[in-house]
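The values are calculated or read from the model by the stated rules, or taken from the named source; none is laboratory data. Just so we're clear, the structure is a prediction, and the values are computed from it rather than from any experiment. Every residue, glycine as well, gets a Cβ built from its backbone with ideal geometry; the counts of neighbours run over all protein chains shown. Surface accessibility is based on the protein's heavy atoms, side chains included, excluding ligands, DNA and RNA. Shrake-Rupley method; radii C 1.70, N 1.55, O 1.52, S 1.80 Å.
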Amino acid sequence: MLAGATMIVLLGVFDDIYDLPAMKKLVVQLAAAAVAVLGGNKIYFFSRLMSLGGHWDLGILSVPVTLFWIVLITNAVNLIDGLDGLAAGVSTISCVSLVIIALVYSNPGVAIITSALAGGCIGFLPYNRPPAKIFMGDTGSMFLGGAVVALAFDCGMPLLLVFVGIIYWIE
């Protein structure tokens, strides 16, 4: 995940400097997601809801579904970065939710890293609220999206971002 996150940060830096076209950004995002998948991060199944029990095994579709999911979350955070404080505020809420989930499922490593990410977002907010004094740019927003999805994978619950990151979808 670290190699993929580094690729996303470098993409964000180049996009902030050179304003890259969307297709080039998508190709690099897919490559970064592929690095994460090659590292063993995959969505293998969808759990059935409530009384249905069991799960739907994705089989060979696990790779494209995972690639799509990583790129989707990364871009969702990037897209909500248009308003002052929105990406950092929403990501703080998502991170705090992931901290609670990590603690409930006895995953202190993820809880510590996610707490640090939430703390970074909280520290950034006073400078990014209207009128913003500093901006996150694509470097920060794409990293934040990639980090949130990576931490959800580390919790073993990447699809939990449907609920934890509900504001990403609403926006």
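All conditions but one from (1) in contact (Cβ under 8 Å) with a residue 40 or more places away in the chain; (2) farther than 18 Å from Trp69 by Cβ; (3) under 15 Å from the mean Cα position of the chain (by Cα) apply to Ser115; the one that does not is (1). Listed conditions (1) surrounded by 19 or more Cβ atoms within 10 Å (Cβ to Cβ); (2) in contact with a Phe, Trp or Tyr (Cβ under 6 Å, 6 or more places away or on another chain) are all met by Val71, apart from (2). Among the residues making up the range 154-163, those that are assigned to a helix (DSSP H, G or I) and open to solvent by 20 Å² or more (accessible area, probe 1.4 Å) are Asp154, Leu159, Leu160, Val162, Phe163.
In the range 118-136, what residues are surrounded by fewer than 16 Cβ atoms within 10 Å (Cβ to Cβ) and assigned to a helix (DSSP H, G or I)? Please lay out each step first, then the result.
Kept after step one, since they are surrounded by fewer than 16 Cβ atoms within 10 Å (Cβ to Cβ), are these residues of the range 118-136: 119, 122-123, 125-127, 129-135.
If the condition is that a residue be surrounded by fewer than 16 Cβ atoms within 10 Å (Cβ to Cβ) and assigned to a helix (DSSP H, G or I), then Gly119, Ile122, Gly123, Leu125, Pro126, Tyr127 are the ones that fit.
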